[in-house]
Amino acid sequence: MDGEGGSFRLAKSAAVKLSEMGERTKQLGSAMRDPHQQKRIILVIVCVALLLDNMLYMVIVPIIPDYLADLESEQSEHVHLGLHPNTSSANSSSQDKSNKDNLDIQIGVLFASKAILQLLVNPLSGTFIDRVGYDIPLLIGLTVMFVSTCIFAFAENYATLFVARSLQGLGSAFADTSGFAMIADKYTEEAERSRALGISLAFISFGSLVAPPFGGVLYEFAGKRVPFIVLASVCLADGFLLLTVIKPFSNRTRENMPVGTPIYRLMVDPYIAVVAGALTMANIPLAFLEPTIANWMETTMHSTQWEMGLTWLPAFFPHILGVFITVKLAAKNPHLQWFYGALGMVIIGASSCTVPACKTFGQLIAPLCGICFGIALVDTALLPTLAFLVDVRYVSVYGSVYAIADISYSIAYAMGPIVAGQIVHNLGFVQLNLGMGLVNVLYAPALLLLRNVCQMKPSYSERDNLLDEAPQGLYDTIKLEEVRAKKKGYSSSGNCLSVDENGFDPFRAQQSSGPDYT
């Protein structure tokens, strides 16, 4: 009797749990039918993908140099004992120096390979995203990142590590670009778009910050594989959430999707080109200092290993502060986005110039915090501006324009591990920082070109005026095109700009027909 009662209670408990799971599934389904809840869940998925990408980018910093050094020493010792058993100590010392130089080159190429491949793939991934939407490319990116992380975990030679690092660049070209584009597509109002992109930037910063100590601690106490297995598990969970919530392979009409503007046309747009250049210039100091500052600290201020490992930790908090301040300012004064970006570049330039003057670790914290604070201002102000420029000048499809943004970042981080060391070796660390600072300060006035465009920001988008219901993202543009076809000769007025999907220039329209804001 007791056995039957226990079985009954067990079955009842299982039924209750199944009922609770069913209720949660229904709640998730109802949440996805609510546009506001849908946007929040999509933002979570994208932020986790960006977090993973940047953690995988930085987690190898404390792992790979030590791991490659062990591989190099084992191979050189084996070759040395096998071929030259009686070699003198002087020759052995010379061989060690040559091996160290070779190891430095290998590490630099390995670190840069991700950004280089990402740079090459982005033009193709942007076009692909414009054609098929944002969800499938994001799933492709997460899948490739999962595979590359697993390869990292089980790689045992340099060639395999190089393949894994390059694959990560391929995955990032799809995941990062489609993620930013999906946020811009779902958050159509300027204030909430800036806030959502700011949150994603905070996740990027957090991933870059937490990855080195995360990887170093697990590598020290659990071995090389564990950090990558953990990241691969999170990547798998995020991909599963994407499949469950967004359902990228569900039946949808893709034949009538709007055709995005070709990426080459966006690249030659003067406003987009100015923004892309600013993103590259602003990230060059960070990309160039990451591979060079540790050696400079060791030689000039005799820093300990823990100081070099925690160099960028304090800078995380000014970066978050910069994102928060820019989002708040952009909500109150959206027409000053160009000014926030220019101010950020001046702060970056001034901070870069003061880095070589620091004599202690405590002094160094201030300019590094200034650099990250300035980068937060530039990124948070200019990433939403890219989406706005596409909205008012082209078709509201964002894959290609955020591929251009990803290209801008990739240029900086592809050059960093390779070029920065050569500049320090040939010219010196002081000249490197003065050059980076001067470039940022001199480029800042170029953002004045955006002043007139930002002042003409509409209070209601063209999409809201043409559609009967609130915008739902990319697929609204299908209906928008149908309405346009019925209303040939339509010209926006009042709160809207005259928009031509072939690239109307609002700057000229303002001069010829609109009020003079200057």
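The values are calculated or read from the model by the stated rules, or taken from the named source; none is laboratory data. Predicted model only: the values in this text are computed from it and were never measured. As a convention, Cβ positions derive from the backbone with ideal geometry for all residues, glycine included, and neighbour counts pool all protein chains shown. All accessible areas refer to the heavy atoms of the entire protein, side chains included, with ligands and DNA or RNA removed. Shrake-Rupley method; radii C 1.70, N 1.55, O 1.52, S 1.80 Å.
Brief remarks follow.
- Beyond 22 Å in Cα-Cα separation lie the following of the pairs Lys186/Lys247; Lys186/Lys328; Lys114/Lys328; Lys39/Lys247; Lys114/Lys247: Lys114/Lys328; Lys114/Lys247.
- Computed packing ranks the peptides 170-177, 41-48 as 170-177, 41-48, most packed first, by mean other Cβ atoms within 10 Å.
- With R₀ fixed at 51 Å, the C-beta to C-beta distance from Ser233 to Leu442 puts the FRET efficiency at about 0.65.
- Given a 1.4 Å probe and the protein chains as shown, Tyr219 ends up with an accessible area of around 40 Å².
- Computed extension length for Met301-Leu241: 16.8 nm, one decimal, from 0.36 nm per residue of separation with the Cα-Cα distance subtracted.
- Coupling constants for segment 354-367 follow from the phi torsions by the Karplus curve (6.51 cos²θ - 1.76 cosθ + 1.60, θ = phi - 60°), and in residue order they are 8, 4, x, 7, 6, 10, 10, 5, x, 5, 5, 4, 4, x Hz; glycine and proline get x.
- Along the axis of the charge dipole computed for segment 232-353 (Cβ charges of +1 for Lys and Arg, -1 for Asp and Glu, origin at the Cα centre), the listed residues Met297, Trp338, Pro314 are led at the positive end by Trp338.
- One chain, two ends: Gln422 and Lys359. Fully extended at 0.36 nm per residue, the span grows by 20.4 nm beyond their Cα-Cα distance.
- With each label modelled as a point 7 angstrom along the Cα→C-beta vector, the Ala69-Ala273 pair spans 4.6 nm.
- Inter-label distance, Lys328 to Leu313: 2.7 nm, where each label sits 7 Å from its Cα along the C-beta direction.
- When you filter the trypsin sites (Lys or Arg not before Pro) in segment 317-395 for DSSP loop state and at most 10 other Cβ atoms inside 10 Å of their Cβ, you are left with Lys359.
- A simple count of charges around Ile151, restricted to other residues whose Cβ falls under 12 Å of its Cβ and scoring Lys, Arg +1 and Asp, Glu -1, yields +1.
- Sorting the segments 62-70, 200-208 by their residues' average number of neighbouring beta-carbon atoms within 10 angstrom, most packed first, yields 200-208, 62-70.
- The 3J(HN,Hα) values that the Karplus relation (6.51, -1.76, 1.60; θ = phi - 60°) gives for segment 137-145 are, in residue order, x, 5, 5, 4, x, 5, 5, 5, 5 Hz. Gly and Pro appear as x.
- Stokes-Einstein translational diffusion, segment 204-331 - Kirkwood Rh over all Cα pairs, 0.692 mPa s, 37 °C, in µm²/s: 168 µm²/s
- Order by protection proxy (mean Cβ within 10 Å, highest first), peptides 429-437, 374-382: 374-382, 429-437
- Simple label model, 7 Å out from Cα along Cβ direction - Ala191 to Val226, nm: 4.7 nm
- In order through segment 189-202: 3J(HN,Hα) via Karplus (6.51 cos²θ - 1.76 cosθ + 1.60), integer Hz, x for Gly, Pro: 7, 4, 5, 6, 5, 4, 5, 5, 5, x, 4, 5, 5, 5
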